[in-house]
Amino acid sequence: MLTLKVPKMTCGHCASTVTTAIKSVDADANIEIDLTKQHVTIESSADTTALAAVLEEAGYPNELA
């Protein structure tokens, strides 16, 4: 399980974009989003570097939470 802090994720639209980006790497990923904490928790078999990178590409810089 991977938890990332995504400071630019502030609304439902952001959460949707983040979810879509993650699903582009792993369509079967389980994703939990906490907008209050700006955290994304991802359960996936995909490489963690690839997941973080796809969020960066979507305009959402992130770091390990």
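None of the figures in this text is laboratory data; all of them are computed from the coordinates on show. This structure is a prediction, so every number in the text was calculated from the model and none was measured.
Only helices enter the 222 nm calculation for the chain: every DSSP H run of n ≥ 4 contributes -39,500 (n - 2.57), and dividing by all residues gives -11500 deg cm²/dmol, rounded to 500.
Relative to the longest principal axis of the Cα atoms of the chain, the long axis of helix 12-25 makes an angle of roughly 10 degrees. Within the chain, all pairs of alpha-carbon atoms sorted by distance into 5 Å bins from zero give the percentages 4, 21, 37, 28, 10, 1.
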